[in-house]
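Notes for the one structure printed next.
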Amino acid sequence: RLWRLPVDRCAAALSNAASFTGGILQSFGDGTDEWRYQVGMAGRNGLAAATLAAKGSVSAQGAFEGKSGFVRGFVRAECDVDAIGGRLGQDWSLLKVTFKPYPVCALNQTPVRACLQLRELLGARAAAVRALRVHLNPTVVGYAGMDKEGPFQSISGTLMSTQFCVATTLLHGTPTIARMAQFDDAAVAGLIPRIRLHADETLGLLACRIEADLENADEPMVVRMDTDHTEYSYDRARVSALVRGIGEETGVAQQAYDHLERFAAALPHANLGDVLAAFKEIQTAR
């Protein structure tokens, strides 16, 4: 209001503020971009929290387990301090970090891989698919933005939609960022209504089973992948190749990645100048 922003910008500011409070998922459901900023905001807020502490901030000791603390605020339950503390030093979430070989949601990686295999099996018969049933873990089916047929106006919407990801992969092969931006592809739009998502409790979070009904075929063609997070846990060399490949598609200079890798390799004594130099490479290229 003080900046005299127009109504639509005031609404956007409020939406951003709501998203930044705790990483809500509505942006996935609406196909908007707040999710792109959330990680940066978390990092910024974390830096502010540490800086305040370093300067002597007086902060609540019961911030997590207190009756008005984090746990009650987010899950409305008592905080089992012993259970949480007992896993410290044993259960490392960092080891569960996964990478995405395709420019789609992490939960759509396996459906895309399964669909690539299905496309290879079908060959010229890909156009003969009458219906596709995509079986996924119930959490995936119910996740914001996953079970969505469109219409789409942004990559934030298409990368979340399992129907769009499966349709564009079956028809065009390995998805690219450019392909994910083809919101008006008539062939993809025509296939999407024939794709249905089904919740299957026997499947893991990153597993998938696709059943394809074909013209003039009595039995469906089935592709199943019982994938877990280890399938997408890459070493540094593979991550480097992955992100550099993205750079080639999006016009980011390879020197930018040289700077970032040098910074990462030198932690915790890295030079922030390498990060700034990486951004300078991007600005120069544009």
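The values are calculated or read from the model by the stated rules, or taken from the named source; none is laboratory data. This one's a predicted model, so the numbers in the text were calculated from it and none came from an experiment. Every residue, glycine as well, gets a Cβ built from its backbone with ideal geometry; the counts of neighbours run over all protein chains shown. Calculation scope for accessible area: heavy atoms of the full protein, side chains included, ligands and nucleic acids excluded. Shrake-Rupley method; radii C 1.70, N 1.55, O 1.52, S 1.80 Å.
Observations
- Subset of segment 239-256 [without any contact (Cβ under 8 Å) to a residue 24 or more places away in the chain and either open to solvent by 50 Å² or more (accessible area, probe 1.4 Å) or of a type in the set (A, V, I, L, M) (or both)]: ALA241, VAL243, GLU248, GLN254
- Output for segment 146-156, where each listed residue is open to solvent by 10 Å² or more (accessible area, probe 1.4 Å) and under 22 Å from ILE246 (Cβ atoms): PHE152, SER154, ILE155
- Among the criteria (1) surrounded by 14 or more Cβ atoms within 10 Å (Cβ to Cβ); (2) over 30 Å from LEU272 (Cα atoms); (3) hydroxyl-bearing (Ser, Thr, Tyr), the one THR230 does not fulfil is (1).
- Exactly one residue out of ASP235, ASP218 is farther than 30 Å from LYS96 by Cβ, surrounded by fewer than 16 Cβ atoms within 10 Å (Cβ to Cβ) and either without any contact (Cβ under 8 Å) to a residue 12 or more places away in the chain or touching a Pro at 6+ places or on another chain (Cβ under 6 Å) (or both): that is ASP218.
- Criterion violated by LEU205 - all others in (1) under 23 Å from THR162 (Cβ atoms); (2) open to solvent by less than 70 Å² (accessible area, probe 1.4 Å); (3) hydrophobic (A, V, I, L, M, F, W, C) satisfied: (2)
- Criterion applied to THR174, THR162 was being of a type in the set (Ser, Thr, Tyr), touching a Leu at 6+ places or on another chain (Cβ under 9 Å) and open to solvent by 10 Å² or more (accessible area, probe 1.4 Å), and the one residue passing it is THR174.
- Conditions (1) closer than 28 Å to TRP35 by Cα; (2) assigned to a helix (DSSP H, G or I): number failed by GLU149: (2)
- Residues located in segment 159-171, provided they are in a helix (DSSP H, G or I) and either touching a residue at least 40 places away in the same chain (Cβ under 8 Å) or under 16 Å from PRO101 (Cβ atoms) (or both): THR162, CYS165, VAL166, THR168, THR169, LEU170, LEU171
For (1) touching a residue at least 24 places away in the same chain (Cβ under 8 Å); (2) exposed (fewer than 11 other Cβ atoms within 10 Å of the Cβ); (3) touching a Phe, Trp or Tyr at 6+ places or on another chain (Cβ under 6 Å), each residue gets a yes or a no:
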{"residue": "ASP8", "(1), (2), (3)": "no, yes, no"}
{"residue": "ASP33", "(1), (2), (3)": "yes, no, no"}
{"residue": "PHE64", "(1), (2), (3)": "no, no, yes"}
{"residue": "ARG72", "(1), (2), (3)": "no, no, no"}
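- Taken over segment 186-199, residues that are buried (at least 16 other Cβ atoms within 10 Å of the Cβ) and in contact with a Leu (Cβ under 9 Å, 6 or more places away or on another chain) amount to 4.
- The helices (runs of 4 or more DSSP H) falling completely within segment 76-144 that include 1 or more residues that are without any contact (Cβ under 8 Å) to a residue 12 or more places away in the chain and either closer than 20 Å to LEU171 by Cα or open to solvent by less than 70 Å² (accessible area, probe 1.4 Å) (or both) map to 81-86, 109-122.
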